[in-house]
Amino acid sequence: MELEQGRFAGFPAGALATAIPNLFFSAVLPRISDPAELVVSLYFFFAHRRKKGQPRFLTYAELAADHTLAAALASQGGDALRRGLDAAVERGTLLRLDLEPASAAGGREGQAEELYFLNMPAGQRAVAAIEAGQQGLGRLLPPPSEPPEPHEPKPNIFELYEQNIGPLTPMVAEYLKDAEGQYPASWFEPAFQRAVAQNVRRWVYIAAILRQWKEKGPDYEKAGRDLEGPGGKRSLSGRYRHLVRR
C-alpha cells in the first residue's frame, strides 16, 4: 500500500486512540537514539492492541509482513525491523520468547517461533507460563511454514462505526465493545454494509442484524429470511423493532 503524499488533514473528532503508558515518554523515549527502535516500539503498542485472544503477542513474521510498519521503517535500512526489535528487547520495552520447533504450538515440528510481548504484568505472566509449560498457544500461532500474507488490515468495529455512522461517544463505544465480545469480527463489515445499503445508519439496526445472524446464522438470507419482508417492509424482530422507521 502506498501512503498518500502531502499534508495530513488532521484527526477527526472521536478518532480512535492507542493507549501508551506515560512511563514510556518519561523513562524510555529520552534514551532512544535509533529511529528504528522508536518506530518499532510505538507501532508495537498499536499492533498489540489490535490482536485477539489471550495471551496477546506478535510474532516476528507478523511484524515483517505489516505494510504500514515496513513503510515507516523504509528509510532506516533493510535490517531496521530486526534492529528495532533487538533494541526494544534490550531496553526492556518488549519481551522476546524464542520457541524451539518441537515446542512451537504444542509440539508442532519444523516451525520455530519468535514471539514478542509488551513488558507489562500480563506479558510477563504469559512468558513465565509458556516457559513453564502451563500456557498453550495453539490457534494463536500462524500455520506452520505459512508466514502471514501481507495485507491491509480490515477495519475494526470502532473504525467501521466512525466511517459509516459518525463520531464515537462513550456510550456507543461501550455498545461496540460488548458486540465485539459477542460476535465474530468477520460479521461487522457485512452488517455495516447492509445498514448503509438500506440507508439506516443507526447502531440499533446493525445490532439487530448481528443478533439475527447469531440466532439464525449469517447465511439466513439464502433461505429467504431477509431483513426486508414482503413489499419492502422491514421485518426486524426484538426490542429494536420500534426504533427503525421508514
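Picking from 149, 189, 180, 131, which residue would you name as being among the acidic types (Asp, Glu), modelled with pLDDT of 70 or more and closer than 24 Å to residue 115 by Cα?
131
Would you check which residues across the range 36-55 are in contact with a helix residue (DSSP H, G or I) (Cβ under 6 Å, 6 or more places away or on another chain) and in contact (Cβ under 8 Å) with a residue 40 or more places away in the chain and list them?
Residues satisfying the conditions are 36, 37, 39, 40, 41, 53, 55.
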In the range 183-200, the residues that are part of a helix (DSSP H, G or I), without any contact (Cβ under 8 Å) to a residue 24 or more places away in the chain and over 17 Å from the mean Cα position of the chain (by Cα): 191, 193, 197
Hits in the range 5-45 (condition: among the aromatic types (Phe, Trp, Tyr) and surrounded by 13 or more Cβ atoms within 10 Å (Cβ to Cβ)): 24, 43, 44, 45
Residue check for residue 16: hydrophobic (A, V, I, L, M, F, W, C) and free of Cβ contacts under 8 Å to residues at least 24 places away in the same chain: no
Pair list, Cβ under 7 Å, 6 or more apart: the range 60-85 residue at pLDDT 95 or above, other residue surrounded by 18 or more Cβ atoms within 10 Å (Cβ to Cβ) and among the acidic types (Asp, Glu): 84/37
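The values are calculated or read from the model by the stated rules, or taken from the named source; none is laboratory data. Note that this is a predicted model, so its numbers are computed, not measured. Counting neighbours? That spans all protein chains shown, and the Cβs are built from the backbone with ideal geometry, glycine included.
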